[in-house]
Amino acid sequence: MKAVQYREIGKGPEVVDIDVPEPGPGEIRLKVLAAGLCHSDWFLMDLPEDQYVYPLPLTLGHEGVGEVEKLGDGVDGVQVGERYAIYGPWGCGVCHACAQGKENYCPHAAEMGIAPPGLGAPGAMAEYVIVDDKRHLAPLGDLDPVESASLTDAGLTPYHAIAAARDKLTPGTTAVVIGVGGLGHLGIQILRATTAATVIAADVSDDKLELARKVGAHHTLRSDDDAVARIRELTGGEGAVAVFDFVGIQPTIDLARETIAADGFIHIVGIGGGTLPTGFFSTPYGAAVRAPYWGTRPELLEVLDLARAGAIGVHVERYGFDQAVEAYQRLHDGAVQGRAVIVP
Ligand code: NAD
Ligand code: ZN
């Protein structure tokens, strides 16, 4: 089968032919219908050899949707031909966090060698993918697979971050979204659909700011030296009650720190390597900083329901396997509008 793999440090993704994997006991083989490209794929492919902790070769793709094609021994309650979105942050399944559906915060997964598909286990950027357990399948129903694949990460991750701040985002408050890429363009829509906050979006590209307005941002601005003053002005000097940084480099984290309101909530979602040392005098009184990871199983069902209700939608660029390397290059160059998705 065709697969997009990272095979050699520093060489980027490659399209290769590999064996179709067999589902073991309890596992499910899906025929992949669509798989999204995430900037986190570049995070790992840009790591130098001494920091690279993932297996090689690694089949990429931690955003996937597919149709059940073969069941491993002992799988019941799932039928061949049914369509599912894959819940990616796999946990041990039995601890307190997992019992609440918060497998993204399972404290045992790493030590047990459990890794998400595409970020350790073989991913969805292939003709077939193995899902380790049926609890990691979210029914797709009548959702379009290509338009849904990226809801599993680019939708779920902002949803999880926003859910934690939702109580603060009352009418009259402001939320700032930094970085209007795959995650950010969905973050804006989720803020509009689930909160009453005014949404300000910041990016370095005019095309992205145009997309931000199209998907519902009330105000857009360039993420430059004037951004702090503009956001202060738009919030009547108070600052934003929540800032979602979908870039995470030092300049964007600094922007978040300088625009957060008292008692506000900074979410560093992007893994750009910046830091925000906190102490009594480094942020306004009461402000909190969080670095959320992916999202929970119930939240994935809620994200799919939001899409089903028409309240959010992924802005998709479609590519075939043969264009995967080119699509990854566009993502690296910041040229993708919304999310690039491989359609086998
Ligand atoms: P993307 O490439 O689709 O989008 C990034 C956006 O940021 C682009 O629109 C780009 O123009 C913009 N940008 C770049 N520099 C900027 C700056 N200085 N100011 C404002 N905007 C700027 O990336 P993505 O796939 O949406 O991922 C976003 C980040 O989130 C990445 O770091 C990714 O690794 C990370 N991520 C984290 C989690 C998590 O669980 N925490 C999950 C998925 C992705
Ligand atoms: Zn991702």
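Within the bounds of the stretch 29-42, is there any residue that is in the same structural domain as V129 (by TED's automatic domain parsing) and over 23 Å from G182 (Cβ atoms)? Yes: the stretch 29-42 contains one or more residues that are in the same structural domain as V129 (by TED's automatic domain parsing) and over 23 Å from G182 (Cβ atoms).
I want to confirm something. Restricting to the stretch 151-188 and keeping residues that are among the polar types (S, T, N, Q) and surrounded by fewer than 24 Cβ atoms within 10 Å (Cβ to Cβ), which single residue is farthest from ligand 2 (Cβ to nearest atom)?
So the residue we want is T170.
Residue-level check: of (1) within 30 Å of D133 (Cα to Cα); (2) assigned to a loop (DSSP other than H, G, I, E, B); (3) more than 16 Å from ligand 2 (Cβ to nearest atom); (4) not polar (S, T, N, Q), G270 misses just (3). Of the residues making up the stretch 115-137, those that are at negative phi, surrounded by 24 or more Cβ atoms within 10 Å (Cβ to Cβ) and among the small types (G, A, S) are G123, A124, A126. Of all residues in the stretch 4-21, one or more are under 21 Å from T152 (Cβ atoms), of a type in the set (A, V, I, L, M, F, W, C), buried (at least 20 other Cβ atoms within 10 Å of the Cβ) and touching a Pro at 6+ places or on another chain (Cβ under 9 Å). Answer yes or no as to whether G279 is in a strand (DSSP E or B), over 17 Å from the mean Cα position of the chain (by Cα) and either away from ligand 1 (no atom under 13 Å from the Cβ) or without any contact (Cβ under 8 Å) to a residue 12 or more places away in the chain (or both). Judged against the criteria, G279 is not a match. Looking only at the stretch 85-97, filter to residues that are within 16 Å of ligand 2 (Cβ to nearest atom) and in a loop (DSSP other than H, G, I, E, B); which one of those is surrounded by the fewest Cβ atoms within 10 Å (Cβ to Cβ)? Checked the stretch 85-97; the qualifying residue surrounded by the fewest Cβ atoms within 10 Å (Cβ to Cβ) is W90. Among the residues of the stretch 136-167, those that are within 10 Å of ligand 1 (Cβ to nearest atom) and touching a strand residue (DSSP E or B) at 6+ places or on another chain (Cβ under 7 Å) comprise S150, D153, A154, P158, A161. Is the stretch 98-109 home to any residue that is at pLDDT 95 or above, buried (at least 24 other Cβ atoms within 10 Å of the Cβ) and of a type in the set (F, W, Y)? No: zero hits. In the stretch 287-298, the count of residues that are assigned to a loop (DSSP other than H, G, I, E, B), under 21 Å from A175 (Cβ atoms) and more than 16 Å from ligand 2 (Cβ to nearest atom) is one or more. Whether any residue in the stretch 223-243 is modelled with pLDDT of 95 or more, buried (at least 16 other Cβ atoms within 10 Å of the Cβ) and closer than 19 Å to V336 by Cα is what I want to check. The answer is yes, given that some residue of the stretch 223-243 is modelled with pLDDT of 95 or more, buried (at least 16 other Cβ atoms within 10 Å of the Cβ) and closer than 19 Å to V336 by Cα. Can we say G36 is crowded, with 16+ Cβ neighbours inside 10 Å, closer than 19 Å to R318 by Cα and in contact with a Ser or Thr (Cβ under 8 Å, 6 or more places away or on another chain)? Considered against the rule, which asks whether it is crowded, with 16+ Cβ neighbours inside 10 Å, closer than 19 Å to R318 by Cα and in contact with a Ser or Thr (Cβ under 8 Å, 6 or more places away or on another chain), G36 comes out as yes. A single entry from L71, L47, L58 fulfils the requirement of being hydrophobic (A, V, I, L, M, F, W, C), under 21 Å from the mean Cα position of the chain (by Cα) and buried (at least 17 other Cβ atoms within 10 Å of the Cβ): L58.
In the stretch 199-211, the residue that is farthest from ligand 1 (Cβ to nearest atom) out of those that are crowded, with 21+ Cβ neighbours inside 10 Å and more than 21 Å from G172 (Cβ to Cβ) is L211.
The values are calculated or read from the model by the stated rules, or taken from the named source; none is laboratory data. Quantities reported herein were computed from a predicted structural model and do not represent experimental measurements. FYI the Cβ positions are ideal-geometry reconstructions off the backbone, even for glycines, and counts take in every protein chain you see.
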